[in-house]
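To start, the structure under review is shown below, and the notes come after it.
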Amino acid sequence: MTSVLVVDDDPDVCDLVTYKLEQSGFDVRRASDGDAALREVAKKVPDLVLLDVMMPGVSGLEVLERWRSDETTAGMPVIMLTAKAQENDVERGFELGADDYVIKPFSPRELVRRVTAVLSRRQSV
Amino acid sequence: MPAFPAAGFLLDVTGAGAALAVILLLGTVAARVLRALLSGRRARAEQMMRPMVLAVVSGGTAPAALISARGGLGRAAERIAFAYLAQVRGEAAVFLADLLARRGTMGRLLRLTHSPRAHRRARAAERLGLIASPEAEHRLAELVTGDHNPEVRIVATRALGKTGSAVAARTLLHSLSRPAPVPEGVVASALLELGPEAVPGLRAELAGGRRQRAMAANVLGLLDELPAWEGLVENVGSGSVEVRASAVRALGRLGLPQAIGPVTACLDAGEDPALRAAAAYALGRIGDPRSAQSLAACLEDPHYWVAHNAAMALAEFGGTGVSALSLAAAGLGSGAAHAREALARRALARGERPAAPARAAPSGQGE
């Protein structure tokens, strides 16, 4: 089963994303901040990460930077979750190696499509 | 024997103090226990309702228990539905809005917008913006223009921006003409929140009143609405400096070279300095070296922002602009300082070391 790590400090967003992804057949793990995300990935590298940009403590961009500088996680697909007001962070996310981004508020159906698309793109490379 | 009654009084006071402390302690403990009980009950209610609401978000049929839930369960269902509604768009938002309509929540919120208490009207307006149904939108439009409380009007303006409705754009723009309108920044944010849905209304209002045209021009520029450029150019020739400056700034943001002629004409010395400063800034954003000569002529302008913006614009042009700035920087006029600043900023942005400013010859030593 394809595993996805959802990283967001907002439990409502985590609930929505987790529910929709589980409904689509993914195995979902959750982390509520950057430190927890780093720990989860250190335990087991997921097939894809949905990563919120703005979080207390270590930000999503910092987390992404650390993953990209580590050879075990450098190729791990990451989709950034960002609020409309933080669209400038998208550019920075792509510079750091994000595979795609989703702007909140989001369409759950579109989110699943993006996850599937990024995973199949990675598999075909 | 005066000490005896005094000691009795002291004992009375100490006893009363101790009793009061015990009462306060018991009260605090009781309040905490009550809060923990309520919080636990609320958590249990949410735990029960959450899977049902999540199923609705995914397009599942809302169970009767969710539609008819009242009391603590009903409140929990609504809290969850509104929390999710703030995070989703598209069909998921439609499913949740439909659930709230079927529960009678929307009707209740519409009634609350008539409450004599402003905070209730504001709270209802905020939630109606999330529901974004035609009825909600209609009532929000009435609040934006008609509520007597300015804070309710502000909340309703923001809420209307969240509806994503094309009609809302014109309502928001027209609200600028009412006495004591909502601050322009709030209206602009709401229009930007509407995004592409606002564009038809914004373009139509480029032919509207002065305030509407100025706001529409600014927001169209921020939305990068390239097809609006002709309407913006028409407004550069308007009779109002506010409208002209907004149109010029928007054309700068769009960055289309087609706008160079009308924008450069705004640099004319006979024009208002605010318009000329906006035009210099816009020409920098367009970045076409054909306007370099007109901008170089502004470097010695007595109005600070005209000369400053002209220098910064020239720095955007590369070779032609840098040549004009280098020439001005070597001079002694007021434009030299602007030119040196622009060259230094350009160097820093490129990761280079700025050239040291030329030292003026010490007085008394001759040339």
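Every number here is computed from the coordinates shown, using simple stated rules; none is lab data. All figures in this text were calculated on a predicted structure; none of them were measured in a lab. In this analysis, Cβ positions are derived from the backbone assuming ideal geometry, glycine residues included, and neighbour counts consider all displayed protein chains.
For residues that are surrounded by fewer than 20 Cβ atoms within 10 Å (Cβ to Cβ) and either closer than 14 Å to A:PRO108 by Cβ or of a type in the set (Lys, Arg) (or both), scanning just region B:56-72, find the one that is nearest to the other protein chains (Cβ to nearest Cβ).
B:SER58
Here is a check on your reading of the model: is B:ALA43 part of a helix (DSSP H, G or I) and within 14 Å of another protein chain (Cβ to nearest Cβ)?
In short, yes.
What is the one condition in (1) surrounded by 15 or more Cβ atoms within 10 Å (Cβ to Cβ); (2) out of contact with any strand residue (DSSP E or B) (no Cβ under 6 Å at 6 or more places or on another chain); (3) within 14 Å of another protein chain (Cβ to nearest Cβ) that A:LEU96 does not satisfy?
(3)
State yes or no: is B:ALA168 assigned to a helix (DSSP H, G or I) and within 22 Å of B:ALA97 (Cα to Cα)?
yes
Could you list, in sequence order, all residues of region A:99-125 that are within 14 Å of chain B (Cβ to nearest Cβ) and within 23 Å of A:GLU40 (Cα to Cα)?
The answer is A:VAL102, A:LEU111, A:VAL112, A:ARG114.
Since B:CYS266 meets every condition but one in (1) of a type outside the set (Asp, Glu); (2) touching a His at 6+ places or on another chain (Cβ under 6 Å); (3) buried (at least 22 other Cβ atoms within 10 Å of the Cβ), which condition does it not meet?
So the condition that B:CYS266 fails would be (2).
Give the residues of region B:73-119 that are within 23 Å of the chain's Cα centre (by Cα) and surrounded by 15 or more Cβ atoms within 10 Å (Cβ to Cβ), sorted by residue number.
Within region B:73-119, B:PHE82, B:ALA83, B:TYR84, B:LEU85, B:ALA86, B:GLN87, B:VAL88, B:ARG89, B:ALA93, B:ALA118 meet the criteria.
Does B:VAL53 satisfy being assigned to a helix (DSSP H, G or I) and within 14 Å of chain A (Cβ to nearest Cβ)? Please lay out each step first, then the result.
Working: assigned to a helix (DSSP H, G or I): yes; within 14 Å of chain A (Cβ to nearest Cβ): yes.
It is true that B:VAL53 is assigned to a helix (DSSP H, G or I) and within 14 Å of chain A (Cβ to nearest Cβ).
Consider region B:323-340. How many of its residues are in contact (Cβ under 8 Å) with a residue 24 or more places away in the chain and outside any helix (DSSP H, G or I)?
Count: 3.
I'm told B:GLY146 meets every condition in (1) within 25 Å of B:SER58 (Cβ to Cβ); (2) more than 19 Å from the chain's Cα centre (by Cα); (3) of a type outside the set (A, V, I, L, M) except one. Can you identify the failing condition by its number?
B:GLY146 satisfies all of (1) within 25 Å of B:SER58 (Cβ to Cβ); (2) more than 19 Å from the chain's Cα centre (by Cα); (3) of a type outside the set (A, V, I, L, M) except (1).
Could you grab the pairs with beta carbons closer than 6 Å, sequence gap of 6+ or different chains, first residue in region A:13-40 and within 11 Å of another protein chain (Cβ to nearest Cβ) and under 17 Å from A:PHE106 (Cβ atoms), second one of a type in the set (Asp, Glu) and outside any helix (DSSP H, G or I)?
Partner pairs satisfying both residue conditions: A:CYS14/A:ASP8.
Working only within region B:269-293, note down all residues that are among the acidic types (Asp, Glu) and in contact with a Pro (Cβ under 9 Å, 6 or more places away or on another chain).
Selection gives B:ASP288 alone.
Within region B:127-141, can one find any residue that is under 18 Å from the mean Cα position of the chain (by Cα), closer than 25 Å to B:PRO179 by Cβ, surrounded by 18 or more Cβ atoms within 10 Å (Cβ to Cβ) and within 14 Å of chain A (Cβ to nearest Cβ)?
Yes: one or more hits.
Tell me, yes or no, whether region B:199-209 has at least one residue that is crowded, with 24+ Cβ neighbours inside 10 Å and more than 21 Å from the chain's Cα centre (by Cα).
Looking for residues that are crowded, with 24+ Cβ neighbours inside 10 Å and more than 21 Å from the chain's Cα centre (by Cα), one finds none in region B:199-209, hence no.
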